[in-house]
Amino acid sequence: MLVTWKYRPRDTFIQRLDPRTRFIVLLCTIFALTIPEIWDYRFMVPLFLFSLTQFLLARIEWKDIRRTLFFVFILVFFIIGLNGLLSGRGGPSAALDPTSPIIFQALIPGTDWGITITISKLWFAMTQVLRILAMALPAMALPYTLDPNIYGTAFKRMGVSDKVSFTMDLALRFLPTFSHDLTITVDAQRARGYEVEKLKGGVIEKIRKLAPLIIPVTMQSTVTGEEVIDAMDLRAFNTAPRTWLKELHYAPRDYFMIGLGVAIFLACCILKWGFGIGGFFVPDFFTKFILG
Amino acid sequence: MNNNSTWEFGTRQVVYGAIGAALYGALSWFTNFLAIPAAGNISFRPAVAVLIFFGVAYGPIVGLLAGFIGNTIGDQASGYGFYWNWSLGNGLMGMVPGLISAAITDFKAQSQIIKAVGWGVLGIIVGMLFASLTEMFTSGIDLATAITGYFVPTLISNTVNVAILLPILMIAFAGMAARRGR
């Protein structure tokens, strides 16, 4: 059993971008929506389309991404969407507008307790789903389109210290080794009658039965660590700034994408804080559509 | 076992941070088949015990790096994407028990194991509370959903994992360190 990365090299616009560009644009999108607290659909729809375009440009095969999409959509629609629809909380107070027309109500007889769905809450839930997808879609594409071997270099070039970047690089190098150790341990325990596929009992019993796998691999890794420390000390690690083997260079497309991301962030901040545009409101066309 | 000052960040911390991260990522991926009933979006991770063990054994910097990078790797290997608040929450979960690392001198002693488990649970509370509460800003959920939908399931599952596996890891580590003389 080896850890298989979801990454595959593809000749796409998204994969030709510098990894730093991907992270910067993702952060710009998240910050544009969260820092000035944008809830206006006129901002949300273009931002969602911007994220969706990036996701589609990545050209990830359906068979690769369907499981992830399934889990993310369950999370977004059933947990976040339903939470917005039923409670109306977690966003602007305008979503709880008491004057908003009620479209569904089920109260416990004799009490004020129950479910009340208003047009305002429904619109809020839809906005909420769109908002989360706008932030999640570019993040979801990362594992499939960003080479794991470039993470350390990318973080270093984004200003993270040598030591933290090297930790990330080293972790990715260790991963196949420990996965291999885990395979050997599983095989060795199987030879003793241990069946990982048939862990019976309750949750506590299952955890206890995982100990014969987790303990040997963890202990072996601590031994490996001492050897690696000796090797790195012999090569004078941590005595002077490091050089990095992989080089990253921005291309014109990277400047374009970063410029676009920063412009989106600034536009959201200026319009919200400078002109008061971008807050939550229910558009008239939606109210008319629901009420007929 | 603990010859360094608590906040030292040298070669040892880099290497054990990387090892902790790789182990946390690999074991999280391996145990993905264990799901938490009624909380489908949160996976059940026995590997949390390994993360907290690295914090307790090697200090807060190692715990922070192992948690942050390990969660990022685990999510990348599973194809879930990059969620900075959960990665940082996992980092805090490893860092907080690391604060007690200087006081853990005998990994076999019952009192010290209890202390490590207690700090581990504190780490889980701090880390998962941070991640759950930041979901209010990133996902726009309300406080009740953040607590009942995210914090409580992760707190319970991680606490159970740590209470069972951390003592075993500490005793195994004490035996191995005694044999190696480090």
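The values are calculated or read from the model by the stated rules, or taken from the named source; none is laboratory data. Note that this is a predicted model, so its numbers are computed, not measured. Glycine gets a Cβ as well: all are built from the backbone with ideal geometry, and neighbour counts include every protein chain shown. For accessibility, only protein heavy atoms count, side chains too; no ligands or nucleic acids. Shrake-Rupley method; radii C 1.70, N 1.55, O 1.52, S 1.80 Å.
Which ones in region A:137-153 are in a helix (DSSP H, G or I), more than 13 Å from A:T243 (Cα to Cα) and over 15 Å from the mean Cα position of the chain (by Cα)?
A:P148, A:N149, A:I150, A:Y151
Quickly run through region A:91-101 and pick out the residues that are surrounded by 11 or more Cβ atoms within 10 Å (Cβ to Cβ) and not polar (S, T, N, Q).
Hits for region A:91-101 are A:G91, A:P92, A:A94, A:A95, A:L96, A:D97, A:P101.
For every residue, the table says whether it meets (1) open to solvent by 70 Å² or more (accessible area, probe 1.4 Å); (2) over 30 Å from A:I103 (Cα atoms); (3) of a type outside the set (K, R).
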{"position": "A:V186", "(1), (2), (3)": "no, yes, yes"}
{"position": "A:R192", "(1), (2), (3)": "yes, yes, no"}
{"position": "A:I214", "(1), (2), (3)": "no, yes, yes"}
{"position": "A:P241", "(1), (2), (3)": "yes, yes, yes"}
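Does region A:215-255 hold any residues that are on the phi > 0 side of the Ramachandran plot and out of contact with any Lys or Arg (no Cβ under 9 Å at 6 or more places or on another chain), and which are they?
Residue satisfying the conditions is A:A236 alone.
Given the conditions (1) open to solvent by less than 30 Å² (accessible area, probe 1.4 Å); (2) over 28 Å from A:M135 (Cβ atoms); (3) part of a loop (DSSP other than H, G, I, E, B), which single one is not true for B:V162?
(3)
Tell me, please, whether a residue that is surrounded by fewer than 16 Cβ atoms within 10 Å (Cβ to Cβ), of a type in the set (A, V, I, L, M, F, W, C) and over 30 Å from A:T145 (Cβ atoms) can be found in region A:39-59.
no
Would you confirm whether any residue within region A:102-109 is under 30 Å from A:I277 (Cβ atoms) and surrounded by fewer than 21 Cβ atoms within 10 Å (Cβ to Cβ)?
The answer is yes; a qualifying residue exists.
If A:T224 satisfies every condition in (1) within 32 Å of the chain's Cα centre (by Cα); (2) over 30 Å from A:D254 (Cβ atoms); (3) open to solvent by less than 50 Å² (accessible area, probe 1.4 Å); (4) more than 9 Å from chain B (Cβ to nearest Cβ) but one, which is the exception?
(4)
Under 16 Å from A:K121 (Cβ atoms), surrounded by 20 or more Cβ atoms within 10 Å (Cβ to Cβ), within 18 Å of the chain's Cα centre (by Cα) and within 10 Å of another protein chain (Cβ to nearest Cβ) - does that describe any residue in region A:23-34?
No, every residue in region A:23-34 fails to be under 16 Å from A:K121 (Cβ atoms), surrounded by 20 or more Cβ atoms within 10 Å (Cβ to Cβ), within 18 Å of the chain's Cα centre (by Cα) and within 10 Å of another protein chain (Cβ to nearest Cβ).
Would you check if A:K163 is within 9 Å of chain B (Cβ to nearest Cβ) and of a type in the set (K, R)?
Yes, satisfied.
Sort through B:T154, B:T105 and tell me the only one that's polar (S, T, N, Q) and assigned to a helix (DSSP H, G or I).
Of the residues listed, the single one that is polar (S, T, N, Q) and assigned to a helix (DSSP H, G or I) is B:T154.
(1) under 18 Å from the mean Cα position of the chain (by Cα); (2) in contact (Cβ under 8 Å) with a residue 24 or more places away in the chain; (3) not in a loop (DSSP other than H, G, I, E, B): which one isn't true of A:I60, the others all being true?
Looking at each condition in turn, A:I60 falls short on (3).
What residue, of B:M176, B:M170, is within 11 Å of another protein chain (Cβ to nearest Cβ) and modelled with pLDDT of 95 or more?
After ruling out the rest, the residue left standing is B:M170.
Could you list, in sequence order, all residues of region A:43-55 that are touching a residue at least 60 places away in the same chain (Cβ under 8 Å) and under 29 Å from A:S120 (Cα atoms)?
A:F43, A:M44, A:V45, A:L47, A:F48, A:F50, A:S51, A:L52 - these are the residues of region A:43-55 that are touching a residue at least 60 places away in the same chain (Cβ under 8 Å) and under 29 Å from A:S120 (Cα atoms).
Here's a check for you: in region A:269-285, which residue that is in a loop (DSSP other than H, G, I, E, B) and aromatic (F, W, Y) is surrounded by the most Cβ atoms within 10 Å (Cβ to Cβ)?
The selected residue is A:F280.
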